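Below you'll find the structure, written out as structure tokens, and then a few comments.
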Ligand SMILES: NC(=O)c1ccc[n+]([C@@H]2O[C@H](COP(=O)([O-])OP(=O)(O)OC[C@H]3O[C@@H](n4cnc5c(N)ncnc54)[C@H](OP(=O)(O)O)[C@@H]3O)[C@@H](O)[C@H]2O)c1
């Protein structure tokens, strides 16, 4: 039997590289790149022309993937606020181009969305709750969902918030916590901003399983715990044997962030869990896996991945 091929757009990003690590033993992974290329063991990389759906269609024909995972995004929330046209292009127009090409070729597609779509006025948002983003990042990601769904109704659109190991060009939220705490630097975390984070690997495996089960449309895939950023930092410090005394509390209202942020981004994942027939992992269990990944070399491998 031939190994199925997955094309991951945004191939130099945090999620794409962790996605590749999770599935590369069972999938032929092609990392679709933009400004830079990247070398990662047991994967290949190809520069994609995502600005032009026709050119991208030709590339899809040549690559013949069985699955396209669209992770491209302008993820800097404050930059999206300052450069709304670029945010709209990177987050929404490109997603529509990818959906168009995937739909024409009838290639399964996973589109990665966000939990940044709501005002944060309650907890555990469900898939059918009205989307009401309060910043440009959220607005452009919401537009992407609308366009992907209308262009390719069979695409799976995953709303999420993940943590993972970063690389030399970009550290993740969990890297930032670990690196600072290991250096003995104190950190300030919001104790009034809530989310339901999932380890990237859990997100990857659940997303593949959902596609295998024929799921499509919008589905929340996040962790099973709702906790504040401050509480997450405490759990991480405990798992990694780092000093919790360095972790200070702060409130969102006191911050100087330029783009508005929702105070509650928690996602209700019961729909995904029903289809999967299992609970999604707790933060405590997932942090153990993150720790094990470091011991097994994931962190080092990603830090040493060569970008050109
Ligand atoms: N990080 C999180 O916690 C989080 C939470 C919820 C949802 N998400 C979503 O998850 C996805 C992946 O996030 P991430 O953190 O892995 O992102 P990331 O590390 O910032 O990587 C983004 C990728 O998108 C590419 N890209 C950006 N603009 C592009 C453009 N105009 N054309 C083509 N490629 C472009 C970048 O390539 P270049 O650098 O070469 O331009 C990079 O490979 C995004 O869709 C994001 O919205 C992330």
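The values are calculated or read from the model by the stated rules, or taken from the named source; none is laboratory data. Nothing here was measured: the structure is a model prediction, and the numbers come from that model. Positions of Cβ are generated from backbone atoms using ideal geometry, with glycine treated the same way; all protein chains shown enter the neighbour counts.
Among the residues of the range 54-65, are any within 11 Å of the ligand (Cβ to nearest atom), crowded, with 17+ Cβ neighbours inside 10 Å and within 30 Å of residue 290 (Cβ to Cβ)?
The answer is no; no qualifying residue exists.
For the structure I just gave you, tell me whether residue 46 is touching a strand residue (DSSP E or B) at 6+ places or on another chain (Cβ under 7 Å) and either assigned to a loop (DSSP other than H, G, I, E, B) or under 27 Å from residue 173 (Cβ atoms) (or both). No: the conditions fail for residue 46.
Within the range 162-194, being over 20 Å from residue 114 (Cβ atoms), within 11 Å of the ligand (Cβ to nearest atom) and surrounded by fewer than 17 Cβ atoms within 10 Å (Cβ to Cβ) holds for one residue alone: 169.
Within the range 10-39, being more than 22 Å from residue 158 (Cβ to Cβ) and either within 13 Å of the ligand (Cβ to nearest atom) or touching a helix residue (DSSP H, G or I) at 6+ places or on another chain (Cβ under 9 Å) (or both) holds for 35, 36, 37, 38.
Might you check whether a residue that is in a helix (DSSP H, G or I) and free of Cβ contacts under 8 Å to residues at least 24 places away in the same chain occurs anywhere in the range 209-218? Yes; the residues of the range 209-218 include at least one that is in a helix (DSSP H, G or I) and free of Cβ contacts under 8 Å to residues at least 24 places away in the same chain.
Looking for something under 21 Å from residue 202 (Cβ atoms) and at pLDDT 95 or above - is there at least one such residue anywhere in the range 86-108? Yes, the range 86-108 contains a residue that is under 21 Å from residue 202 (Cβ atoms) and at pLDDT 95 or above.
Residue 120 falls short on exactly one of the conditions (1) in contact with a strand residue (DSSP E or B) (Cβ under 7 Å, 6 or more places away or on another chain); (2) closer than 16 Å to residue 264 by Cβ; (3) part of a helix (DSSP H, G or I), and that condition is (3). When the test is whether a residue is within 15 Å of the ligand (Cβ to nearest atom), at pLDDT 95 or above and closer than 20 Å to residue 207 by Cβ, residue 43 passes it. Of the set (1) near the ligand (Cβ under 10 Å from one of its atoms); (2) over 27 Å from residue 212 (Cβ atoms); (3) part of a helix (DSSP H, G or I), all apply to residue 75 but (3). Any chance the range 137-153 includes a residue that's in contact with a strand residue (DSSP E or B) (Cβ under 6 Å, 6 or more places away or on another chain), within 29 Å of residue 168 (Cβ to Cβ) and assigned to a helix (DSSP H, G or I)? The answer is no, given that none of the residues of the range 137-153 is in contact with a strand residue (DSSP E or B) (Cβ under 6 Å, 6 or more places away or on another chain), within 29 Å of residue 168 (Cβ to Cβ) and assigned to a helix (DSSP H, G or I).
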